1. Anything in the range 91-112 that is farther than 17 Å from residue 156 by Cβ, loosely packed, with under 13 Cβ neighbours inside 10 Å and touching a strand residue (DSSP E or B) at 6+ places or on another chain (Cβ under 7 Å)? List them, or say none.
2. If you take the residues of the range 60-90 that are over 24 Å from the mean Cα position of the chain (by Cα) and touching a residue at least 60 places away in the same chain (Cβ under 8 Å), which of them is surrounded by the most Cβ atoms within 10 Å (Cβ to Cβ)?
3. Of the residues 123, 104, which single one is part of a loop (DSSP other than H, G, I, E, B), within 30 Å of residue 249 (Cβ to Cβ) and out of contact with any helix residue (DSSP H, G or I) (no Cβ under 9 Å at 6 or more places or on another chain)?
4. Within the range 213-241, take every residue that is modelled with pLDDT under 95 and out of contact with any strand residue (DSSP E or B) (no Cβ under 7 Å at 6 or more places or on another chain) and give me the one that is farthest from residue 106 (Cα to Cα).
5. Filter the range 39-59 down to residues that are in a loop (DSSP other than H, G, I, E, B) and surrounded by 11 or more Cβ atoms within 10 Å (Cβ to Cβ) and give me whichever is modelled with the highest pLDDT.
6. Got a sec? Which of 86, 82, 90 is at pLDDT below 80, closer than 24 Å to residue 131 by Cα and touching a helix residue (DSSP H, G or I) at 6+ places or on another chain (Cβ under 8 Å)?
7. What do you reckon, is residue 208 over 33 Å from the mean Cα position of the chain (by Cα) and surrounded by 15 or more Cβ atoms within 10 Å (Cβ to Cβ)?
8. Which members of the range 293-310 meet the condition of being part of a helix (DSSP H, G or I) and under 26 Å from the mean Cα position of the chain (by Cα)?
């Protein structure tokens, strides 16, 4: 925001709180400052002070010292009591960019040029809230990005300022949660019959044995399966001997997947490729794989012929693809 003062106004440090005679505020909002207006006021001989929105005038000394380069950014935040006046993070004033791949099937590669100069890019993990430096080669404002299906990316560009060891501001982690495994080109399918426990929402659980994986909505001759919506637990056993293949890929999954391998949880995937790092969970010889898929309920509502509410919501759309379709495969990780 900007504040315009009369020519005979005293210095900011002498201002009493809420004195309308010495402070007259121009229209304030979260919109960017108009440099042309500031220049015009200055050219007319007016004294113009540019301040931070909701920043107490009593803490202008740290602000002035910071703008003169006498304080690091973190020292400024500490001495000005930023987190006492504000509940949101200082990082909200950074250059922030958000990318999303809307495709459910295809990855996207792009080279992006950012108007950020020598500021350094950091990748924020949207699921954990942690962050880590984004690798780059050459200039930090030019990045080569790859987004897997339905993957998003939040980049925040930070100035190159070391953190003050005596800081009292909130600590920021520079270690992010591991990103989903990236597949290599060499893969081996997991071929096995599948035991499947199906737990329909609001219905009675039932069991099926499938010689191979398929879209549950296409179960011709089995209306219970074709009309399924809920949680499906797939179980299969397979042999593992090639220790270079440690990435487990589920192939096509219509729903949210979670995986247990030999009793060890490998995580949850609800976007992108359903890939899991199986390092440490695979055992030489026989392995037991459990994949839980939580589906949407469209087909389940379509199957409830005697439920008028369900019919009113589901009469208009065709069957919706459901379940684990695969192929499930073990892959070598990308280099």
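The values are calculated or read from the model by the stated rules, or taken from the named source; none is laboratory data. The structure presented is a predicted model; accordingly, all values stated were derived computationally and were not measured. Here Cβ is always computed from backbone atoms with ideal geometry, including for glycine, and neighbour counts include all displayed protein chains.
1. 109, 110, 111
2. For the range 60-90, the residue satisfying everything is 77.
3. 104
4. Among them, the one singled out is 221.
5. First pass over the range 39-59, keeping only residues in a loop (DSSP other than H, G, I, E, B): 44-46, 51-56.
Imposing the further condition that a residue be surrounded by 11 or more Cβ atoms within 10 Å (Cβ to Cβ) reduces the set to 46, 51-52, 55-56.
Working: 46: 86, 51: 66, 52: 65, 55: 72, 56: 77.
It comes out as 46.
6. Among 86, 82, 90, only 90 is at pLDDT below 80, closer than 24 Å to residue 131 by Cα and touching a helix residue (DSSP H, G or I) at 6+ places or on another chain (Cβ under 8 Å).
7. For residue 208, the condition - over 33 Å from the mean Cα position of the chain (by Cα) and surrounded by 15 or more Cβ atoms within 10 Å (Cβ to Cβ) - is met.
8. none
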